[in-house]
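Novice: Quick one: the structure is below, questions incoming.
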């Protein structure tokens with residue numbers, strides 16, 4: 001590699017582009033190959049087109065416009081003897097900044113830049129979490145001494161194996177902040193259990209918050225008052241935060257034997273999000289292969305199917321039109337009907353809940369509900385196929401499927417997963433909407449005491 005000095009072309013000097021390439025040609029002896037031109041964001045489309053046009057005219061085989069982050073990566077990689085492999089995650093440390101890259105199809109994708117103290121493993125773990133790559137670096141290029149022990153802590157997820165009696169002084173707690181419901185699991189002497197979160201004794205707390213009075217309210221009481229206080233109530237805000245669903249695996253595998261080299265698919269259908277994570281078990285470690293999801297799809301979409309069905313039936317058969325308080329009442333009723341159809345063949349809506357002057361029931365069957373949900377089931381299939389594609393696995397290579405989230409209770413979802421993965425063992429807990437919190441508690445119990 002030869003370094004040559006050429007005159008800089010600023011963003012407003014479009015006429016100098018041709019002169020720059022003439023200067024390059026005059027200083028290079030031999031054939032021209034490929035050129036990468038680093039341009040900052042203030043260079044407009046017109047001048048960028050000129051760089052490509054004049055570069056090709058000058059004899060270069062290809063011209064690629066890159067940004068400053070890519071320039072930094074290429075400069076660093078050109079100074080070391082290392083060839084990245086597909087799937088590699090590369091961290092480049094410069095001062096207190098970590099630049100994170102992932103190699104896909106022989107191309108480096110910039111994932112972001114984070115500040116962290118390399119002597120503190122939990123700050124490095126934040127990079128893994130926020131980058132959503134769910135794995136530590138395969139290669140770290142540093143300008144200072146590195147703490148290899150800290151990097152080893154974040155490279156993979158270790159499956160905790162804990163048996164009773166527990167040390168209750170550890171005070172470990174697992175929290176699942178769900179889109180539709182929240183759940184908390186805590187350490188008890190004889191095991192990990194979920195706990196009631198309000199005075200009704202329910203372990204699942206609806207993710208509803210109301211600011212209608214001086215004291216903030218949350219949970220079921222807010223749901224019941226929703227039709228009268230909708231303007232001061234917040235729900236579904238969790239959609240914008242995202243999730244870390246791998247925690248559920250810790251709950252499933254804590255007291256079960258795990259075959260080495262098993263390929264596992266974790267399917268988590270919550271109230272507002274769908275997450276599909278494929279990982280491999282190797283020597284009691286979880287190696288995440290792909291993490292795919294749909295942050296704008298969940299159990300609420302199945303509720304909407306019922307809402308539209310009953311809303312149309314109430315309007316056409318009974319002449320009942322909707323105002324705001326009835327809309328929220330119907331939403332709550334449909335959530336309960338969806339839960340009923342998960343365990344019974346038929347359910348119904350009482351007409352007099354919406355008009356006390358009329359009597360009657362609007363019936364719906366489990367089979368009819370499933371037919372209405374075909375477009376949603378296709379959306380689930382597409383997400384599962386995308387996860388398989390990202391992992392380069394086919395369906396028959398999946399050894400276990402973990403059913404997670406309240407949406408996994410629906411018979412149509414269970415059947416879809418069994419049809420797509422007929423060779424796999426399907427693991428279904430009695431309360432699939434609690435396993436994330438339980439798994440998080442197991443993991444928290446095993447964290448180093450200094451964290």
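The values are calculated or read from the model by the stated rules, or taken from the named source; none is laboratory data. Just so you know, these numbers come straight off a predicted model, no measurement behind them. Cβ coordinates were reconstructed from backbone atoms using ideal geometry, including for glycine residues, and neighbour counts include every protein chain displayed.
Novice: Within segment 46-62, how many residues are assigned to a loop (DSSP other than H, G, I, E, B) and farther than 17 Å from residue 29 by Cα?
Specialist: 0
Novice: Continuing with this model, one more query. Just checking, does segment 262-282 include any residue being modelled with pLDDT under 85, outside the structural domain of residue 89 (by TED's automatic domain parsing) and crowded, with 23+ Cβ neighbours inside 10 Å?
Specialist: Among the residues of segment 262-282, not one is modelled with pLDDT under 85, outside the structural domain of residue 89 (by TED's automatic domain parsing) and crowded, with 23+ Cβ neighbours inside 10 Å, which makes the answer no.
Novice: Hey, another quick one. Here is a check on your reading of the model: is residue 61 in contact (Cβ under 8 Å) with a residue 24 or more places away in the chain, touching a strand residue (DSSP E or B) at 6+ places or on another chain (Cβ under 8 Å) and exposed (fewer than 12 other Cβ atoms within 10 Å of the Cβ)?
Specialist: yes
Novice: Touching a residue at least 24 places away in the same chain (Cβ under 8 Å) and in a helix (DSSP H, G or I): does that describe residue 76?
Specialist: Yes: the conditions hold for residue 76.
Novice: Any residue in segment 32-39 that is within 20 Å of residue 110 (Cα to Cα), outside the structural domain of residue 113 (by TED's automatic domain parsing) and part of a loop (DSSP other than H, G, I, E, B)?
Specialist: Scanning segment 32-39 turns up at least one residue that is within 20 Å of residue 110 (Cα to Cα), outside the structural domain of residue 113 (by TED's automatic domain parsing) and part of a loop (DSSP other than H, G, I, E, B).
Novice: If you scan segment 388-399, which residues turn out to be surrounded by 15 or more Cβ atoms within 10 Å (Cβ to Cβ) and closer than 16 Å to residue 419 by Cβ?
Specialist: 388, 395, 398
Novice: If we keep just the residues of segment 191-206 that are in contact with a strand residue (DSSP E or B) (Cβ under 8 Å, 6 or more places away or on another chain) and modelled with pLDDT of 85 or more, which is nearest to residue 233 (Cα to Cα)?
Specialist: 206
Novice: What number of residues within segment 147-190 are at pLDDT below 80 and in a strand (DSSP E or B)?
Specialist: Count: 2.
Novice: Could I ask something else about it? What number of residues within segment 79-108 are without any contact (Cβ under 8 Å) to a residue 12 or more places away in the chain and closer than 24 Å to residue 41 by Cα?
Specialist: Selection size over segment 79-108: 1.
Novice: Is it the case that some residue within segment 351-367 is at pLDDT 95 or above and out of contact with any strand residue (DSSP E or B) (no Cβ under 9 Å at 6 or more places or on another chain)?
Specialist: yes
Novice: Then there's this: Test residue 43 against the criterion of being surrounded by 14 or more Cβ atoms within 10 Å (Cβ to Cβ), modelled with pLDDT of 85 or more, in a loop (DSSP other than H, G, I, E, B) and out of contact with any helix residue (DSSP H, G or I) (no Cβ under 8 Å at 6 or more places or on another chain), and give yes or no.
Specialist: It is true that residue 43 is surrounded by 14 or more Cβ atoms within 10 Å (Cβ to Cβ), modelled with pLDDT of 85 or more, in a loop (DSSP other than H, G, I, E, B) and out of contact with any helix residue (DSSP H, G or I) (no Cβ under 8 Å at 6 or more places or on another chain).
Novice: Still on this structure, please answer the following. Any residue in segment 75-87 that is closer than 21 Å to residue 7 by Cα and out of contact with any strand residue (DSSP E or B) (no Cβ under 7 Å at 6 or more places or on another chain)?
Specialist: Scanning segment 75-87 turns up at least one residue that is closer than 21 Å to residue 7 by Cα and out of contact with any strand residue (DSSP E or B) (no Cβ under 7 Å at 6 or more places or on another chain).
Novice: Right, next: Would you check if residue 363 is outside any loop (DSSP other than H, G, I, E, B), more than 28 Å from residue 208 (Cα to Cα) and in contact (Cβ under 8 Å) with a residue 12 or more places away in the chain?
Specialist: So residue 363 fits the description; yes.
Novice: Could you say whether any residue in segment 213-231 is at pLDDT 80 or above, surrounded by 15 or more Cβ atoms within 10 Å (Cβ to Cβ) and in a strand (DSSP E or B)?
Specialist: Yes, segment 213-231 has at least one match.
Novice: Something else about it: Out of the residues in segment 19-40 meeting the condition of being surrounded by 17 or more Cβ atoms within 10 Å (Cβ to Cβ) and touching a helix residue (DSSP H, G or I) at 6+ places or on another chain (Cβ under 6 Å), tell me which one is farthest from residue 78 (Cα to Cα).
Specialist: The residue in question is 21.
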